[in-house]
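The values are calculated or read from the model by the stated rules, or taken from the named source; none is laboratory data. Please read these numbers as outputs of a predicted model, since none were measured by experiment. Every residue, glycine among them, receives a Cβ derived from its backbone with ideal geometry; neighbour counts consider all protein chains shown.
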Amino acid sequence: MGHVKKPPFSGQSSIQNFDSFFIIKRVSDNNENFATVSPLLVEKAITGSVGIVKSTKLLRSGDLLVEVASSKQAQQIVKLHSLSTISVSVHPHETLNSSKGVITCGRLLNIPIEEITQELKDKGVKDVRRINIRRDGEIVPTKHFILTFNTPRLPEYIKAGYVRCSVGPYIPNPLRCFKCQRFGHSKTNCRGTLTCARCAAAGHESTGCTAVEKCVNCQGQHTSFSRSCPKWKQEKEVSTKYQKHISFPEARRLVKAQAPPDGRSYASVVEKNHPEYQTTHCPHCNHVVTHNVQLPLHFKIS
């Protein structure tokens with residue numbers, strides 16, 4: 001019997017993964033939701049259909065967020081068309097079933113992203129993005145990678161061949177609307193007024209604007225996209241706390257409750273703990289853009 005050659009990225013055993021979080025919506029001609037439905041009825045109907053689940057929560061939208069306890073429940077719940085006499089639709093949550101982490105591995109620096117992605121699939125990795133930086137006007141690849149896992153919680157480490165790589169949380173930059181310049185939503189979902197990112201005036205875009213810089217969010221003398229903005233840093237802190245498996249509203253309340261020491265600005269407190277590294281790689285697509293990515297403090301760009 002001949003020697004079986006191992007694949008180049010073998011090492012860490014893979015864990016059987018399944019979607020854990022699901023959204024249950026009411027199917028109704030009158031736009032009804034679960035806000036008016038008895039929680040006792042809902043609990044009994046879910047338990048009777050798939051068994052005892054880990055948790056069920058009523059969202060602000062009126063939909064239900066259900067966390068299942070097993071792969072069998074995941075297969076059963078997605079097939080549901082009704083709870084008791086209530087017609088429903090069920091689909092996996094868009095973001096809670098995956099997680100993003102950052103690794104540093106110099107041995108992967110010259111290996112194509114496609115090859116790394118393919119070889120790490122059996123370890124629960126479904127996407128790999130390299131972090132690039134701009135140096136002297138040129139795009140320079142680094143040894144830092146953003147990995148998307150098909151599990152809600154990050155592993156402590158992952159093995160690329162025989163190299164063990166520690167996995168740290170990937171903390172994205174705050175979401176800022178390119179229409180109204182406010183934080184917390186995108187241009188697609190914006191109900192606000194078109195506002196200049198440079199001067200904060202309503203009614204025009206920043207392209208070609210030469211007016212004095214003014215921030216929409218803090219009224220400071222800088223653009224609304226400046227990384228020196230205290231509001232931007234506050235939103236960054238909210239994103240950081242969100243990684244601790246609490247909701248964005250809870251994270252926001254925690255940040256606002258943390259008053260800076262006397263005589264020091266909030267911005268100075270955040271600046272000390274959150275240095276900035278300019279990168280040019282969008283973690284959501286293959287395009288290279290001018291962008292900042294917050295890296296764990298022990299990272300060194302090279």
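Quick notes on this structure:
- Only residues that are closer than 18 Å to P152 by Cβ and either over 24 Å from the mean Cα position of the chain (by Cα) or small (G, A, S) (or both) were counted in region 73-115, giving 7.
- Qualifying residue in region 53-69 (condition: closer than 30 Å to G161 by Cα, of a type in the set (S, T, N, Q) and free of Cβ contacts under 8 Å to residues at least 60 places away in the same chain): no
- Annotation note: of K214, K179, K233, the sole residue that is outside the structural domain of D122 (by the TED database), within 27 Å of E94 (Cα to Cα), of a type outside the set (G, A, S) and assigned to a loop (DSSP other than H, G, I, E, B) is K179.
- Among the candidates R129, R153, the residue that is basic (K, R) and assigned to a loop (DSSP other than H, G, I, E, B) is uniquely R153.
- Residues (surrounded by fewer than 13 Cβ atoms within 10 Å (Cβ to Cβ), among the hydroxyl-bearing types (S, T, Y) and closer than 15 Å to H93 by Cβ) located in region 34-81: S55, S61
- Selection status of V140, outside the structural domain of S70 (by the TED database), in a loop (DSSP other than H, G, I, E, B) and farther than 25 Å from V255 by Cα: no
- Meets criteria (free of Cβ contacts under 8 Å to residues at least 60 places away in the same chain and small (G, A, S)) for G168: no
- Which listed residue is outside any loop (DSSP other than H, G, I, E, B) and among the β-branched types (V, I, T), from T193, T207, T188: T188
- Test for N189: is it under 22 Å from G101 (Cα atoms) and modelled with pLDDT under 85: no
- So S87, is it touching a residue at least 60 places away in the same chain (Cβ under 8 Å), among the polar types (S, T, N, Q) and in the same structural domain as E43 (by the TED database): yes
- Residue in region 101-119 that is under 28 Å from E237 (Cα atoms), at pLDDT 90 or above and touching a helix residue (DSSP H, G or I) at 6+ places or on another chain (Cβ under 6 Å) present: no
- Residues of region 93-126 classified as part of a strand (DSSP E or B) and in contact with a Leu (Cβ under 8 Å, 6 or more places away or on another chain), total: 6
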